[in-house]
Amino acid sequence: MGKLESFDQVVKPLVDRAELVRRLSAVLKTDCLLHQPEDLRPYECDGLSAYTQLPWVVALPENESQVQAVLRVCHAARVPVVARGAGTGLSGGAMPHAQGVTLGLSKLKKILEIDPVARLARVQPGVRNLAISEAVAPHNLYYAPDPSSQIACSIGGNVAENSGGVHCLKYGLTVHNVQKVRFVTIEGEVLELGGDGLDNPGYDLLALITGSEGLLGVVTEITVKLLPKPVKAQVVLAAFNSLVDAGNAVASIIGAGIIPAGLEMMDKPATHAVEQFVRAGYPLEAEAILLCESDGTPEEVADEIARVSDIMRGCGAFDIRTSRDDAERLKFWSGRKSAFPAVGRIVPDYFCMDGTIPKRKLAEVLDGISKLQDTHQLRCANVFHAGDGNLHPLIMFDANDDAQLQRAKQFGSDILKLCIDAGGTVTGEHGVGIEKINEMCIQFSQAELLQFHAIKQAFDEHALLNPGKAVPTLHRCAEFGAMHVHKGQLKHADIPRF
Ligand SMILES: Cc1cc2nc3c(=O)[nH]c(=O)nc-3n(C[C@H](O)[C@H](O)[C@H](O)COP(=O)(O)OP(=O)(O)OC[C@H]3O[C@@H](n4cnc5c(N)ncnc54)[C@H](O)[C@@H]3O)c2cc1C
């Protein structure tokens, strides 16, 4: 199993584990503080299960005051803190620190207020994404960002990762659907970011916190924006003989000025895995399928479906089906939504990569990924939010075979480099965590990374919040070979490293 290089995780707690437990016991109930190995084991990893680490302790506060108290104890004792929602993250963001506290937010799971007139809901961070839409459904409202993990993932985790989903093409990512956030600094101070109006004076700190992967503070309350449920939604399922044709259809739909409610692509290995699992009715002979959802009034939907179908046909679709009712619409989506577990069923392990590229580069990058399968002697299935250019190559391997694990990691790294070379980014919605931290050294210059560290330092002087994640140290980049060290001299050696 994977271990992180130690230089990113250097911390010097001022207390030992027993003393930390004693201090935390003073602020938490006994059943809210776990420190026996068998109790810690369930927290050893998140969705990136190739990396595991037991924390010193797990703290499970029941309210915001207890979150403050835990953070104050850790700050005083210089103990690292890793916030954790539901642990479904795919980039290792919630993987524990060996001498740290894993701060689980699962007990903060109340829906505090629903305002159907302002179309807002105020919720605690441990509330599941889907539970928000379920709670506001009686008002004919819903919360738009819909990660495929929405049945389990927490809204706090969504804010920390700036999560996306099928409907984010039209309705935006988490950052576009959050109105206000309360969060606690490492010193235990509560800050409220955002506001009730459309615009707020000052710097947009709400956007800074969204996607900050637990590095700047702990989110304790979120006010999310709600949307009226569309009167009608319909899905077109189209089959293509090549990924290039399907990619061209995506570019042509967006180029025609259509922003569908969702526009997703899957390649043949992915559709085959899915069909064995949920039988969504996908055409198995297709090299690629597209799922395109329209929503709105019945007239708007009919018009958009007709235009989209024409474009798909013009781009070579040989089979086009339109959902006849909501049950069939959900059946079409069921395959896409269960693509990850479907692949998980047929192989011992997989890495779900996450990179974003300009849509016009889709065919080129997919061809590159296909060639990498031969280079690394591993198979890969592709599922992606095609409308956003957000790729999810699923690299299949067996982690019990160390050689395969190493090849899979290199395969993933090479895919991210392809994305960067194509003018894209190393993440679309899953965050950086530990998974993509080395590739951040390629994506960003030394000067940019130093600015990131300066922001981190403004919030967390001693780098106690989620150290070793998301933003690489310059030493790590030098070690990774992505930064020039002249005669052993690192540039700006005087600047604090995290
Ligand atoms: C099958 C599957 C499908 C998925 N599909 C999608 C998808 O479609 N779109 C997508 O974007 N993601 C997807 N994901 C990834 C994952 O579900 C999201 O990143 C999700 O937002 C993580 O939420 P969580 O509650 O599980 O957070 P965790 O995994 O517990 O934590 C994630 C990160 O957030 C930080 N964090 C958690 N809570 C807080 C808090 N309250 N305050 C500060 N920091 C916090 C953690 O430190 C960590 O860095 C998928 C995962 C799986 C397993």
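Read-outs throughout are calculated quantities, based only on the coordinates presented, and are distinct from any laboratory measurement. Only a predicted model underlies this, so the values are computations on that prediction, with no experimental measurement involved. Heads up, the Cβs are rebuilt from the backbone with ideal geometry, glycines too, and the neighbour counts pull from every protein chain shown.
Let me know the volume per residue of the alpha-carbon convex hull for the range 196-355, in Å³.
Spelled out: Cα convex hull of the range 196-355, divided by residues, is 180 Å³.
Per residue, what volume in Å³ does the convex hull of the Cα atoms of the range 16-113 enclose?
Convex hull volume per residue, Cα atoms: 98 Å³.
Quick one: what are the phi-derived ³J(HN,Hα) couplings along the range 85-102, Karplus 6.51/-1.76/1.60 with θ = phi - 60°, whole Hz, x for glycine and proline?
With the stated coefficients, the range 85-102 comes to x, 9, x, 8, x, 9, 10, x, x, 9, 4, x, 9, 4, 10, x, 9, 8 Hz.
Rounded to the nearest angstrom and ordered from largest down, what semi-axes does the equivalent ellipsoid of the range 410-459 get from its C-alpha gyration tensor (root of 5λ)?
Taking √(5λ) for each Cα gyration eigenvalue gives 21, 12, 9 Å.
What's the FRET efficiency of ASP16 with GLU461 using the Cβ-Cβ distance as r and R₀ = 25 Å, to the nearest 0.05?
0.65
Using the Cα centre of the chain as the reference point, and only Cβ charges (+1 on K/R, -1 on D/E), how large is the resulting charge dipole? Debye, rounded to the nearest 20.
Rounded to the nearest 20 debye, it is 620 debye.
Taking Cα atoms, how many degrees apart are the long axis of helix 64-77 and the longest axis of the chain, rounded to 10 and kept between 0 and 90?
Orientation of helix 64-77: about 50 degrees from the principal axis.
Please list log₁₀ I(q)/I(0) at q = 0.10, 0.16, 0.20 Å⁻¹ for the range 292-440, using the Debye equation with identical point scatterers on the alpha-carbon positions.
Taken in order of the listed q values, log10 I(q)/I(0) reads -0.44, -0.96, -1.25.
With the alpha-carbon atoms as the only input, what is the per residue convex hull volume for the range 159-249 in Å³?
Per residue, the Cα convex hull of the range 159-249 comes to 148 Å³.
Along its three principal axes, how long is the range 36-88 when you only count alpha carbons? Whole Å, largest extent first please.
32, 21, 18
Considering the options LEU20, ASN162, CYS477, tell which one lies farthest towards the positive end of the dipole of the chain, charges being +1 on Lys and Arg and -1 on Asp and Glu at the Cβ, about the Cα centre.
Of the candidates, LEU20 comes out farthest on the positive side.
Given the rule -39500 (n - 2.57) for each run of at least 4 DSSP H residues, summed and divided by the residues of the chain, what is its mean residue ellipticity at 222 nm, to the nearest 500 deg cm²/dmol?
The helix contribution divided over the chain gives -10500 deg cm²/dmol.
Amide H neighbours of LEU391 under 5 Å, at least 5 residues apart or on other chains, H built in the peptide plane: list them.
GLY355, THR356, ILE357
Return the unpartnered cysteines for the chain, using a Cβ-Cβ cut-off of under 4.7 Å.
CYS32, CYS45, CYS74, CYS153, CYS168, CYS292, CYS315, CYS352, CYS380, CYS419
Averaged over all directions, how much area does the convex hull of the C-alpha atoms of the chain cover when projected, in nm²?
So the Cα hull casts an average projection of 23.6 nm².
Please list, ordered by chain and number, the residues whose modelled amide H lies under 5 Å from the amide H of GLY262; skip anything fewer than 5 residues away on the same chain.
GLU293
In µm²/s, what is D for the range 208-251 at 25 °C and 0.890 mPa s, where D = kT/(6 pi eta Rh) by Stokes-Einstein and Rh is the Kirkwood radius from Cα pairs?
So the translational diffusion coefficient is about 157 µm²/s.
Near the amide H of LYS232, under 5 Å away, which other amide H atoms are found, from residues 5 or more places off or on another chain, if H is placed in the peptide plane?
Placed amide hydrogens put GLY296 under 5 Å from LYS232.
Can you list the equivalent-ellipsoid semi-axes of the range 130-283, largest first and in whole Å, using the square root of 5 times each Cα gyration tensor eigenvalue?
34, 17, 17
Could you tell me the extents of the range 180-229's C-alpha atoms along the three principal axes, largest first, rounded to whole Å?
Cα extents, longest axis first: 39, 26, 17 Å.
Helix 298-314: angle to the longest alpha-carbon principal axis of the chain, degrees 0 to 90, nearest 10?
So the inclination is approximately 80 degrees.
Going by average Cβ density within 10 Å per residue, which order do the peptides 30-36, 246-252, 88-94 take, highest to lowest?
Top of the packing list down: 88-94, 246-252, 30-36.
How tilted is helix 446-459 with respect to the longest principal axis of the chain? Cα atoms for both, answer in degrees (0 to 90, nearest 10).
Taking the Cα atoms of the chain, the angle to 446-459 is about 60 degrees.
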